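Notes follow once the structure below has been shown.
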Amino acid sequence: MVAGHDCLISTRLGLFAGRREGVKRLLWGYFFGVARHEDAIYLFEACDDPAGSSDMGRILRFHLHDGRLSDFVVLAEGLHNQCHQIAVIDDLLCVVDTARQSIVRLRLDGGLHDIRQPIEVGPRPGGGGAYRHINSIAEVGERIALMLHNGPVLPEEPSELAWLDRDFNLLSRQPLPGRHCHDILPLPDGSIWHCGSFAGEIIDANGARIKISERMTRGLIAVPGGFIVGASLFGPRSDRDILSGSIIYLDRSFRRLVEAPCPGAPTDLLALCRSSPMV
């Protein structure tokens, strides 16, 4: 049962439901991106060591009825196990294939639509084609935004937003005031917030930086009355499936309210409120 909970929490130790009083495990597995579209919830599962490289990733689809998860199906298989966030944009399920710096677009029945690669890849003089570790995707008005983590190969570069048109062509790249960033959260006032993960912050592109935790921040959602942000212990990629974390509730001014421990380190969050909260 997830009735009375505020969010779903993807982690390498399973899928959890979260509320202020604590979290509970719903599924075991290596989970990353989670998204909702109409009556369906989509969840990326690695099905193999996320620190390695294989094509054992898959998309699960299920529904939420009367506070219970039901109607589970394996929608798509054969994805790279290092995929990160997912989102439904223009009735296509967009999967961020982080290792291949691509966006795999699936039909909602799971069939392949196409693979888009809006960022130059492969080393070239000047480093313009270096590895960017794309990890997040969001629809922002008429444009699409991708988060370029820009690490660990380029640890001194700030993270960036890559702005795309609806055909996934690159329009521009925007440096952010943070490093190793995750998440893209547009708000009704026009601001766009992110997790400045390296410093345990949340940030926006205009330079605002708010310290949230001594841990790495990852996973950021709006809920009625405020926000929830994930926080994680940080360690080598090979050890991250044993690291713990928490979810931190913030009010509308981003002030900490309460922190609920989670056995797994959050990789993505999904608000269970069906409406778009006006925070």
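Of everything in the range 181-211 that is within 21 Å of Glu139 (Cα to Cα) and in a loop (DSSP other than H, G, I, E, B), the residue that is most open to solvent (accessible area, probe 1.4 Å) is Asn206.
Once the range 31-63 is narrowed to residues that are within 22 Å of Val88 (Cβ to Cβ) and in a loop (DSSP other than H, G, I, E, B), the residue that is modelled with the highest pLDDT is Ala46. Selection of first residues in the range 63-89 that are closer than 15 Å to Arg100 by Cβ and of second residues that are basic (Lys, Arg), restricted to Cβ pairs under 8 Å at least 6 apart or on distinct chains, gives the following pairs, ordered by first then second residue: Gly78/Arg58; Leu79/Arg58; His80/Arg100. Is at least one residue of the range 162-177 in contact with a Phe, Trp or Tyr (Cβ under 6 Å, 6 or more places away or on another chain), part of a loop (DSSP other than H, G, I, E, B) and closer than 22 Å to Ile86 by Cβ? Scanning the range 162-177, I find no residue that is in contact with a Phe, Trp or Tyr (Cβ under 6 Å, 6 or more places away or on another chain), part of a loop (DSSP other than H, G, I, E, B) and closer than 22 Å to Ile86 by Cβ, so the answer is no. When Ile228 is tested against the conditions (1) free of Cβ contacts under 8 Å to residues at least 24 places away in the same chain; (2) open to solvent by less than 30 Å² (accessible area, probe 1.4 Å), the lone failure is (1). Residues in the range 142-151 that are over 17 Å from Gly219 (Cα atoms) and either in a strand (DSSP E or B) or modelled with pLDDT under 95 (or both): Arg143, Ile144, Asn150, Gly151.
The values are calculated or read from the model by the stated rules, or taken from the named source; none is laboratory data. As the structure is a prediction and not an experimental result, all values here were calculated from the model. Please note: Cβ atoms are built from the backbone with ideal geometry, for glycine as well, and neighbour counts cover all protein chains shown. These accessible areas exclude ligands, DNA and RNA; they are computed on the full protein's heavy atoms, side chains included. Shrake-Rupley method; radii C 1.70, N 1.55, O 1.52, S 1.80 Å.
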